[in-house]
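Engineer: One structure follows; several queries about it will come next.
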Amino acid sequence: MITIQQATLDDCADIQAVANVAFPATYANILSEDQLKYMMEWMYATENLHKQMLDEGHTYYIARTESGVPAGYVSIRQEGPDLYHLEKIYVLPDMQGKHIGHTLFKHAIRAIKALHPSPCRMELNVNRSNPALGFYKRMGMEKVREGDFPIGNGYYMNDYIMGMEL
């Protein structure tokens, strides 16, 4: 059984533990090793996670196994009056296929609806080569636009933006 809890600053090490495995596994065949290293630091260094949580409005939720081991996480952030962004959703590779991603995705929707009971929209950026595109489509999201977004050091995120009405 999987439980999901809202993360605090004390949970950053658990988020990093999952990210250190899931993020490179997701992008090993998509991004260069240098870009992977850059993005891991940019998104998952302790000070950057703290900044996301304290200053940038990211709310993380961690999925844990029955024994309390972190198996995945999701992050949401309000981007506009009626717009929320699913910032991150990752599950450990050996835990995939157990509906943890589905559970995290549905939890993100419930969390957004609790924050914003009136109709709103949820969007996410997903790399155009990411095999998770099929997952997001199955969850009800549609591709609405695409873009190449500079992230520093000459690197870009080459993404589809997917969205759904909540």
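Engineer: Suppose the filter is more than 17 Å from Tyr136 (Cα to Cα), buried (at least 17 other Cβ atoms within 10 Å of the Cβ) and among the aromatic types (Phe, Trp, Tyr); does Tyr61 pass it? So that I can check it myself, show each step before the final result.
Structural biologist: Numbers: more than 17 Å from Tyr136 (Cα to Cα): yes; buried (at least 17 other Cβ atoms within 10 Å of the Cβ): yes; among the aromatic types (Phe, Trp, Tyr): yes.
Yes, satisfied.
Engineer: Do we find that Val144 is β-branched (Val, Ile, Thr), in contact with a Phe, Trp or Tyr (Cβ under 6 Å, 6 or more places away or on another chain) and assigned to a strand (DSSP E or B) in this structure?
Structural biologist: no
Engineer: Next question, about the same structure. Does Asn20 fit the bill of being in contact (Cβ under 8 Å) with a residue 12 or more places away in the chain and not hydroxyl-bearing (Ser, Thr, Tyr)?
Structural biologist: Details: in contact (Cβ under 8 Å) with a residue 12 or more places away in the chain: yes; not hydroxyl-bearing (Ser, Thr, Tyr): yes.
Taking the combined requirement at face value, the residue satisfies it.
Engineer: Another question, if that's okay. Filter segment 44-58 down to residues that are touching a strand residue (DSSP E or B) at 6+ places or on another chain (Cβ under 9 Å) and crowded, with 18+ Cβ neighbours inside 10 Å, then give me how many there are. Steps first, please.
Structural biologist: Filtering segment 44-58 down to residues touching a strand residue (DSSP E or B) at 6+ places or on another chain (Cβ under 9 Å) leaves 49, 52-53, 56-58.
Going one step further and asking which of them are crowded, with 18+ Cβ neighbours inside 10 Å, we end up with 49, 52-53, 58.
Count: 4.
Engineer: Which of the residues belonging to segment 18-39 are aliphatic (A, V, I, L, M), out of contact with any strand residue (DSSP E or B) (no Cβ under 6 Å at 6 or more places or on another chain) and within 21 Å of Val69 (Cα to Cα)?
Structural biologist: Ala19, Val21, Ala25
Engineer: Select, from Pro81, Pro131, Pro93, the only residue that is out of contact with any strand residue (DSSP E or B) (no Cβ under 8 Å at 6 or more places or on another chain) and at pLDDT below 95.
Structural biologist: Values: Pro81 fails: at pLDDT below 95; Pro93 fails: at pLDDT below 95.
Pro131 is the lone residue from the list that is out of contact with any strand residue (DSSP E or B) (no Cβ under 8 Å at 6 or more places or on another chain) and at pLDDT below 95.
Per-residue answers, yes or no, for (1) hydrophobic (A, V, I, L, M, F, W, C); (2) surrounded by fewer than 16 Cβ atoms within 10 Å (Cβ to Cβ); (3) touching a residue at least 24 places away in the same chain (Cβ under 8 Å):
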position: Leu124; (1), (2), (3): yes, no, yes
position: Ser129; (1), (2), (3): no, yes, yes
position: Phe135; (1), (2), (3): yes, no, yes
position: Glu142; (1), (2), (3): no, yes, no
position: Glu146; (1), (2), (3): no, yes, no
position: Pro150; (1), (2), (3): no, yes, no
position: Met157; (1), (2), (3): yes, no, yes
position: Ile161; (1), (2), (3): yes, no, yes
position: Met164; (1), (2), (3): yes, no, yes
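Engineer: Only one of these is charged (D, E, K, R), over 24 Å from Gly154 (Cα atoms) and out of contact with any Asp or Glu (no Cβ under 7 Å at 6 or more places or on another chain): Glu66, Glu47, Glu33. Name it.
Structural biologist: Criteria check complete, one pass: Glu66.
Residue-by-condition table, conditions (1) under 14 Å from Val21 (Cβ atoms); (2) among the hydrophobic types (A, V, I, L, M, F, W, C); (3) outside any helix (DSSP H, G or I):
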site	(1), (2), (3)
Tyr73	yes, no, yes
Leu86	no, yes, yes
Tyr90	yes, no, yes
Gly101	no, no, no
Leu104	no, yes, no
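Engineer: Next question, about the same structure. For segment 64-117, enumerate the residues that are hydroxyl-bearing (Ser, Thr, Tyr) and either buried (at least 22 other Cβ atoms within 10 Å of the Cβ) or in contact with a Leu (Cβ under 9 Å, 6 or more places away or on another chain) (or both).
Structural biologist: As a first pass, look at segment 64-117 and keep what is hydroxyl-bearing (Ser, Thr, Tyr): 65, 67, 73, 75, 84, 90, 103.
Answer for segment 64-117, where residues must be hydroxyl-bearing (Ser, Thr, Tyr) and either buried (at least 22 other Cβ atoms within 10 Å of the Cβ) or in contact with a Leu (Cβ under 9 Å, 6 or more places away or on another chain) (or both): Tyr73, Ser75, Tyr84, Tyr90.
The values are calculated or read from the model by the stated rules, or taken from the named source; none is laboratory data. This one's a predicted model, so the numbers in the text were calculated from it and none came from an experiment. Cβ atoms come from the backbone with ideal geometry, glycine included; neighbour counts cover every protein chain shown.
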